[in-house]
Each structure stands twice: as structure tokens, then as C-alpha cells.
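A short write-up of the structure that comes next.
Computed from the coordinates by the stated procedures, all read-outs in this text should not be read as laboratory data. Model, not experiment: these values are computed from the prediction. Note: ideal-geometry Cβ built from the backbone for every residue, glycine included; neighbour counts use all protein chains shown.
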Amino acid sequence: MSKHVLIVDDEADIRELLVLTLLRMNIEAQTASTCQEAFAQLAERNFDLCLTDMRLPDGDGLMVLNHIAERYGNTPVAVITAFGSTDNAVAALKAGAFDYLAKPIQLKQLREVVTSALKLPKLPQSQRRSAPPSSSTERAANEAPRLLGESAPIQRARDMIAKLARSQAPVFISGESGTGKEVAARMIHDGSARRDAPFMPVNCGAIPENLMESEFFGHRKGAFTGAESDREGFLHAAHGGTLFLDEVGDLPLAMQVKLLRVIQDKKVRKLGDTAEEPVDFRIISATHKSLGEKVTAGEFRQDLFYRLNVIELKMPSLREIPEDIPLLVRELMQRIATQSGITAPELGADALKALIGYDFPGNVRELENILERSLALCDGKTLHEPDLYLTEARDAAAPITAGERTLPLHEYLDQVEREQIMKALEQTRFNKTAAAKVLGITFRSLRYRLDRLGIE
């Protein structure tokens with residue numbers, strides 16, 4: 001089935017160039033020289049893509065973009081901007097453009113943009129909003145990442161994700177730890193034209209600085225001591241797909257310079273190699289820190305910040321969506337119980353009230369940890385407030401000062417739990433039944449804790 005593209009440009013030579021290029025790609029093209037001509041063409045037939053100039057005699061490319069978004073939402077739009085008109089390109093991307101082309105048009109880039117845009121999935125109107133599955137059976141059949149909740153902030157986030165999926169623009173995801181930033185990034189990737197290519201998540205804060213260049217760029221055999229074979233880096237591995245830079249604010253300044261050059265040149269040279277290789281990936285970045293403050297403090301390059309933060313997606317904290325907690329608890333409890341091979345207990349009214357009133361510094365991730373621990377230790381058919389151990393969680397998450405706890409919340413709780421269990425075991429000369437009585441828990445609960453904490 002032939003694809004159809006609408007070209008909107010008031011310069012006849014540009015229209016001719018684009019038509020000839022598309023014909024060589026076996027793509028049919030219709031042309032218009034004004035906004036009104038474009039609107040008339042759109043009313044007559046369906047198009048798989050629109051290429052529009054930003055400057056038109058009776059308006060601009062944003063008018064065409066908005067017209068298509070309102071009436072023909074499945075048709076992606078790529079805008080053509082004058083050389084050096086970065087502001088126009090950014091404005092178009094923020095308005096929902098799939099991508100942009102700068103004049104003079106490079107035919108290689110044109111072909112890449114057209115090919116990618118034509119791969120976008122067609123979404124019926126009823127499915128444009130990515131609502132959570134409605135039943136446990138549907139959840140089991142669909143393992144794609146999703147955002148649970150029906151509150152206004154979550155609905156806005158889902159709508160924004162659906163819009164961003166139909167774009168090539170760099171996205172910066174902000175929000176507290178545990179709010180689902182990687183889930184959002186995966187949803188953007190899965191709904192994009194790059195969905196069949198790799199999604200490469202990279203935790204920038206977890207890579208030692210001396211290994212960072214090798215991890216990102218890869219290396220040739222013998223490039224340095226210990227390089228016993230060729231190795232592909234993250235940037236090569238993400239080729240054709242999406243590179244997700246989590247905690248991007250932790251990148252050292254020297255690495256920021258190298259990453260900026262890759263973004264600009266779209267080329268990568270492995271350590272120990274003399275040749276550069278082209279790479280093509282979309283960047284989605286995230287951090288729970290304020291990149292703006294790091295720029296002001298001189299800890300993050302302003303030019304890289306503007307490259308990454310073309311469009312921002314803010315993920316709401318759990319404190320902002322308390323009305324979603326009952327739904328989240330039900331979904332998470334069912335998921336945990338299914339994975340553990342147990343029957344999910346009922347949730348007592350006191351437990352639900354306690355969860356709604358809890359401030360969740362670790363957000364959804366902390367809620368999941370609390371429920372996972374509670375379900376593993378629950379001996380009855382109903383989960384009550386004491387079974388949640390919220391007091392211990394709140395104490396562990398309290399503000400700390402220099403020299404005090406520096407571990408993440410779940411690791412700190414595990415450490416405290418391990419210490420208490422070891423004390424009880426030593427007190428009872430490692431009689432597990434007696435230790436369980438000292439701790440005030442069942443033998444089954446103690447056995448679970450010993451297995452989970454790796455205590456033999």
C-alpha cells in the first residue's frame with residue numbers, strides 16, 4: 001500500500017525537490033503553497049505524513065501543525081525551518097511536531113525523518129490515552145509498562161507521554177525518586193517509531209568515573225590495560241532506538257562535553273579506534289535533582305542542558321495524588337501476590353487509612369516495598385495497620401545529618417532488620433524457633449526474612 005505525504009511550502013523549487021526525493025522512495029506526494037491550500041488537501045484525503053515550511057504566505061507551520069493535531073491526530077508533522085532558526089524548531093517540537101528539517105535540506109536527513117515518521121503506529125481515537133488495563137487477565141497478557149492511577153496529574157502525564165511518543169524531540173523527565181520516570185521513558189519509547197529498536201537505560205550515577213568513557217563509547221581490544229576484546233558501548237547499543245540517561249545530573253563535566261559532541265555530530269569513536277561511526281538514537285534523560293540549580297552552580301553545562309531539556313515531563317509525587325493510593329495498593333498487592341504464588345489478603349480499612357495518610361518520601365517504589373514486605377510477613381487473611389511497619393519506615397526516612405545514615409531507605413531497613421535478627425539468633429544460640437518468639441513473629445516469617453536477607 002502506497003504512502004501519501006503532503007508537502008506545504010511556498011517555494012516551488014523546494015516542493016519539486018521534496019516530491020522527486022519521495023517518488024524515489026516509492027512515496028506519493030501532494031503539494032500546497034499556503035495554509036489554506038493545505039487545509040483543503042487534508043479535507044480531501046488521508047495523509048501518512050505532512051512536511052511543512054515554518055514560513056508561509058498566510059500563516060506558519062504551527063498553524064498547519066495545530067490544524068492537523070486537532071482534526072487528523074494520526075498524521076505526524078515534520079517542520080522545515082530556516083538555517084539557524086533553533087527557536088522555531090524547539091517551538092514546533094513543543095507543539096507536537098515529529099521532527100524538524102533545517103534549510104538547506106539534506107536529503108539523507110530527509111529520508112531518515114520520512115522513514116521514521118512512517119513507522120509510527122496508527123492509534124484509534126479511543127486508544128490515544130494510555131489507560132491502565134481493566135482486569136487482572138488483561139494485565140497478565142500485557143506486560144508493557146504503564147502508569148497506574150486516574151487522578152488528574154496522572155491523566156495529564158499519560159496524555160503527555162502519548163504526545164511525546166509521536167515525536168523525535170529530546171525529553172527531560174523530572175520528579176522525585178520512585179515516581180516512575182523510567183516507566184514513563186519506556187512508555188514513550190514503546191509508543192514511538194523506534195519501538196522495535198533497543199531501549200537502553202543507563203544509570204549515570206552508578207558508573208565509576210574512570211570507567212564512564214569506556215562504558216559509553218566502547219573500546220577496541222588493547223585500548224587500555226584489561227581491554228582483552230572489542231566492546232560495544234551504550235551509545236552504539238542504543239543505535240536506532242532510545243538512550244535513557246537516568247540521573248543525568250551525576251555525569252562528570254568532562255563526560256558532559258563528550259556527550260554534547262555526540263549529540264551534535266551523531267558520531268561515536270570507540271576508545272583505541274581511529275574512525276568515527278554514525279549513531280542514531282533519541283535521548284530521554286531524567287533526574288530527581290534540579291538541573292537548573294546545577295547549571296547555576298557550574299556543575300552542569302548550560303549548552304547540554306538546553307539540548308536535553310527540549311520538552312520537560314514532570315512526574316507527580318504520591319503526595320500529589322492521594323486519591324490514586326487505593327487503586328495503586330490493589331494493583332500492587334495483586335501483582336506481588338501473583339508473583340509470590342500466594343492469595344492476596346484483604347486490606348483493612350485501618351491499613352488503607354494509614355497508607356493514604358503516609359507521606360511516602362520514596363513514592364510508588366516505597367509503597368511497593370512496604371506492600372511486598374507486609375505480604376511476605378502477613379499470617380492472616382487481612383492486612384492491618386501494624387502489618388505495614390509504617391513507623392519504622394517513617395523513622396528510616398527521617399532527615400539525616402552529616403555522619404548519619406547514607407543508605408537508600410530499603411537498604412537501611414534491611415540493615416536494621418538483619419541486626420535485630422542476628423541479636424535474637426545469638427541470644428537463642430541460633431535456635432530459629434526460639435528466635436522467632438523473641439522477635440514476636442512466626443517461624444514462617446523468620447524463615448522468609450532469613451532467605452531474603454541471605455542469613456544462613
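Applying a threshold of 28 Å to the alpha-carbon distances of LYS270/LYS314; LYS163/LYS258; LYS353/LYS423; LYS181/LYS266; LYS381/LYS437; LYS122/LYS289 flags LYS270/LYS314; LYS163/LYS258; LYS353/LYS423; LYS122/LYS289 as lying beyond it. Dipole orientation for the chain: of the candidates SER374, LEU211, LEU56, SER374 has the Cα lying most toward the positive pole (charges on Cβ; Lys, Arg +1; Asp, Glu -1). Loop-located trypsin sites (Lys or Arg not before Pro) in the stretch 11-104 (DSSP state not H, G, I, E or B) with no more than 14 neighbouring Cβ atoms inside 10 Å: ARG45. Only DSSP H runs of four or more residues enter the estimate; each adds -39500 (n - 2.57), and after division by the residues of the chain the mean residue ellipticity at 222 nm equals -13500 deg cm²/dmol. Its residue count N fixes a reference of 2.2 N^0.38 Å for the chain, and the Cα radius of gyration divided by that reference is 1.18. Converting the Cα gyration tensor eigenvalues of the stretch 3-120 into ellipsoid dimensions via √(5λ) gives semi-axes, longest first, of 17, 17, 14 Å.
Please state the relative contact order of the chain as a whole percent: Cα pairs under 8 Å, 6+ residues apart? For the chain, the relative contact order is 11 percent. Charging the Cβ of each Asp and Glu at -1 and of each Lys and Arg at +1, and nothing else, the dipole of the stretch 3-120 about its Cα centre rounds to 460 debye.
Alpha-carbon geometry of the stretch 236-389: the Rg and the Dmax are 22.0, 66 Å, given in that order. With q set to 0.13, 0.15, 0.19 Å⁻¹, the log10 of I(q)/I(0) for the stretch 149-314, from the Debye formula over equal scatterers at the Cα positions, is -0.63, -0.83, -1.25.
Electrostatic bookkeeping for LEU17 treats Lys and Arg as +1 and Asp and Glu as -1; over the other residues with beta carbon under 10 Å from its beta carbon, the sum is -3.
Convex hull volume per residue, computed on the Cα atoms of the stretch 278-332, equals 143 Å³.
Have a look at ALA92, LEU42, LEU23 and report the one farthest towards the positive end of the charge dipole of the stretch 3-120, computed about the Cα centre with Cβ charges (Lys/Arg +1, Asp/Glu -1). Of the listed residues, the answer is LEU23. One chain, two ends: THR338 and TYR72. Fully extended at 0.36 nm per residue, the span grows by 91.6 nm beyond their Cα-Cα distance. Remark: the chain carries a charge dipole of roughly 760 debye about the Cα centre, counting +1 on each Lys and Arg Cβ and -1 on each Asp and Glu Cβ.
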